[in-house]
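Enquirer: Have a look at the structure that comes next, please.
The values are calculated or read from the model by the stated rules, or taken from the named source; none is laboratory data. Fair warning: this is a prediction, and the values are worked out from it, not measured in the lab. Backbone-built Cβ (ideal geometry, glycine too); neighbour counts: all protein chains shown.
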Amino acid sequence: MSDTEIPLHPPTEVLTRGFDPTLSVGSARPAVFRSSTYVFPSPEAAERAFDLMAGRAQRESGEGVALVYSRFNHPNAEILEDQVAPLEPGAAGALVFNSGMSAIVTALFAHLRPGRAIVYTVPIYGGTQKFVQNVLEPWGVRGVPVRAGDAAGIERALRETPDVGVVLVETPANPTLTMTDLRHAAQCAAVRADRPLVMVDNTLLGPVFQHPFRHGADVVLYSATKYLSGFSDLIGGFALTRDPAVAAPIRALRGLLGTILQPDECWILNGRLPTVALRMRQSTKNARMIVEALARHPKVARVHYPSQFRDAEQVRIRDAQCQGAGAMFSVELKGGKRAAFDFLRHVRIARDAVSLGGVETLVCHPKTTTHSGFTDAEFAQAGITDGLVRFSIGVEDWRDLLADFERALEQA
Ligand SMILES: *Cc1c(COP(=O)(O)O)cnc(C)c1O
């Protein structure tokens, strides 16, 4: 076995794959290539690059990537895609996007057609839900929502819905962290003759605590804005696939729409990948300590967090599917909206903001912000109450955060 064939572990690969210093004048870390267009060494090379880009020819082994024009690809996207792939075991490759939403939209448009259906778990990210309802449905794609964690519901939807193109699962569901069994969803999809693709939005627990390809997913989607980038200072996304044939139409549509991430942002995001596991593990340790204390607090009615699950089925899915509980939880305060707002008014270290996955701790009130468009029935189904506050814990010292929360609870 030659050196290059020894399989490396993800934390090593993320620093070594896909980057050749000799192509960056010897720089130990990648340079930024801002160019919008690339010079061809010969007219024949230009012809070959266009054949490869259009899919009229396949790359031969050892043949380099054809760089043409930066809406299609560019060196910083190529390096980033090579380095993110090992973080999601089973991925054959990755595509980077200029937001999580553009990764989701591009992947869905590439694999759905008018007359087909998408089965999706709810609650799902608000933008995803709006895209299904306000864009896909008017275009003739039928949306079939199924409650997160409802195994019988998924089974029924996949038995009874004709012509399903995609099953889209977001697990755990935001903000109550209800889990959906990925293996079960993939099995329900696999027995159908039309073999719908199973896509998983893995933003909340990946790429450290949940690996959907191991459970039968075909596409793993990310908002890289969250844990992957980790500093609440850029917007980006990924679609990873197990099969290059599933990636090809997504890549082609990305090239048409121009939803690739720009070189500077790729370079920034690339530098964040080697620390994503360190950041997620530290914030998860913090979250566990804080959750244990808040669960006993007299002003807290209930805490939603994987280590606190009581439902036997949820415990089973958690143990089969996740290697950690993550750094997000929700707390139901006694005293409803007023208590929740008073709490948010009085936190000093944590900030009242939506989004999650940053090194800094954020808190928000889902009912009036991230989920404010819901109907009463949707609130009830999603478990979103007036007193619910969502937490995204960062890497501060947990004792300071807990003291901050306890002080704010005194005022709630
Ligand atoms: C934030 C988020 C998205 C959307 O990502 P953007 O980067 O904001 O476009 C999608 N899914 C989940 C679960 C998210 O948290």
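Enquirer: Checking SER307 against (1) over 16 Å from ALA173 (Cα atoms); (2) within 22 Å of the chain's Cα centre (by Cα): exactly one of these is not met. Which one?
Expert: Here SER307 meets the rest and fails (1).
Enquirer: Quick one: how many residues across the range 166-211 are of a type outside the set (S, T, N, Q) and within 13 Å of the ligand (Cβ to nearest atom)? Give the derivation first.
Expert: Let us first name the residues in the range 166-211 that are of a type outside the set (S, T, N, Q), namely 166-170, 172-173, 175, 177, 179, 181-186, 188-201, 204-209, 211.
Those left that are additionally within 13 Å of the ligand (Cβ to nearest atom): 168-170, 172-173, 175, 177, 199-201, 204-206.
Number satisfying all stated conditions: 13.
Enquirer: Can you name the condition, by its number, that ASP51 falls short on among (1) crowded, with 16+ Cβ neighbours inside 10 Å; (2) assigned to a helix (DSSP H, G or I)?
Expert: (1)
Enquirer: Run ARG318 past the list (1) loosely packed, with under 15 Cβ neighbours inside 10 Å; (2) among the basic types (Lys, Arg); (3) in a helix (DSSP H, G or I) and report the number of the one that doesn't hold.
Expert: Single failed check for ARG318: (1).
Enquirer: Take residues that are farther than 30 Å from HIS9 by Cβ and among the charged types (D, E, K, R) and tell me which of the strands (runs of 3 or more DSSP E) falling wholly in the range 109-213 contain 1 or more. Break it down into steps so the answer makes sense when it comes.
Expert: Values: elements: 117-122, 142-147, 164-170, 197-201.
It comes to 142-147.
Enquirer: For the subset of the range 345-374 comprising residues that are closer than 15 Å to GLY387 by Cβ and within 16 Å of the ligand (Cβ to nearest atom), which member is surrounded by the fewest Cβ atoms within 10 Å (Cβ to Cβ)?
Expert: Checking each candidate, the answer is THR369.
Enquirer: Kindly provide the set of residues from the range 22-48 that are outside any loop (DSSP other than H, G, I, E, B) and either within 14 Å of GLU78 (Cα to Cα) or over 32 Å from the mean Cα position of the chain (by Cα) (or both), ordered by number. If you could, list the steps in order and put the result at the bottom.
Expert: To start, the set of residues in the range 22-48 that are outside any loop (DSSP other than H, G, I, E, B) comprises 22-24, 37, 43-48.
Passing the criteria: THR22, LEU23, SER24, PRO43, GLU44, ALA45, ALA46, GLU47, ARG48.
A quick yes/no check of all residues on (1) crowded, with 19+ Cβ neighbours inside 10 Å; (2) of a type in the set (A, V, I, L, M); (3) in contact with a His (Cβ under 6 Å, 6 or more places away or on another chain); (4) touching a residue at least 60 places away in the same chain (Cβ under 8 Å):
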position: TRP267; (1), (2), (3), (4): yes, no, no, yes
position: PRO274; (1), (2), (3), (4): no, no, no, yes
position: ARG279; (1), (2), (3), (4): yes, no, no, yes
position: LYS285; (1), (2), (3), (4): no, no, no, yes
position: HIS297; (1), (2), (3), (4): no, no, no, yes
position: HIS304; (1), (2), (3), (4): yes, no, no, yes
position: SER307; (1), (2), (3), (4): no, no, no, no
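Enquirer: Quick one: GLY90 ticks every box in (1) buried (at least 20 other Cβ atoms within 10 Å of the Cβ); (2) part of a loop (DSSP other than H, G, I, E, B); (3) within 17 Å of the chain's Cα centre (by Cα) except a single one, so which number is it?
Expert: In the conditions (1) buried (at least 20 other Cβ atoms within 10 Å of the Cβ); (2) part of a loop (DSSP other than H, G, I, E, B); (3) within 17 Å of the chain's Cα centre (by Cα), GLY90 misses (1) alone.
Enquirer: Please enumerate the residues belonging to the range 205-248 that are within 26 Å of ALA353 (Cβ to Cβ), of a type in the set (A, V, I, L, M) and surrounded by fewer than 24 Cβ atoms within 10 Å (Cβ to Cβ). Reasoning before the result, please.
Expert: Going residue by residue through the range 205-248, those that are within 26 Å of ALA353 (Cβ to Cβ) are 205-210, 221-238.
With of a type in the set (A, V, I, L, M) added as a condition, the list becomes 205, 208, 221, 224, 228, 234-235.
Once the filter is applied, which keeps residues that are within 26 Å of ALA353 (Cβ to Cβ), of a type in the set (A, V, I, L, M) and surrounded by fewer than 24 Cβ atoms within 10 Å (Cβ to Cβ), the range 205-248 yields VAL208, LEU234, ILE235.
Residue-by-condition table, conditions (1) in contact with a helix residue (DSSP H, G or I) (Cβ under 6 Å, 6 or more places away or on another chain); (2) at pLDDT 95 or above; (3) not assigned by TED's automatic domain parsing to the domain that holds GLY216:
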site	(1), (2), (3)
SER24	no, no, no
VAL32	yes, yes, no
MET53	no, no, no
GLU60	no, no, no
VAL65	yes, no, no
SER70	no, yes, no
LEU80	yes, yes, no
PRO89	no, yes, no
ALA92	yes, yes, no
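Enquirer: State the number of residues belonging to the range 253-268 that are in contact with a Phe, Trp or Tyr (Cβ under 9 Å, 6 or more places away or on another chain), closer than 14 Å to ALA103 by Cα and in a helix (DSSP H, G or I).
Expert: Looking only at that region, the number is 4.
Enquirer: Taking PRO123 and the conditions (1) in contact with a His (Cβ under 9 Å, 6 or more places away or on another chain); (2) away from the ligand (no atom under 16 Å from the Cβ); (3) not charged (D, E, K, R), which numbered condition does it fall short on, given that it satisfies the others?
Expert: For PRO123, the failing item is (2).
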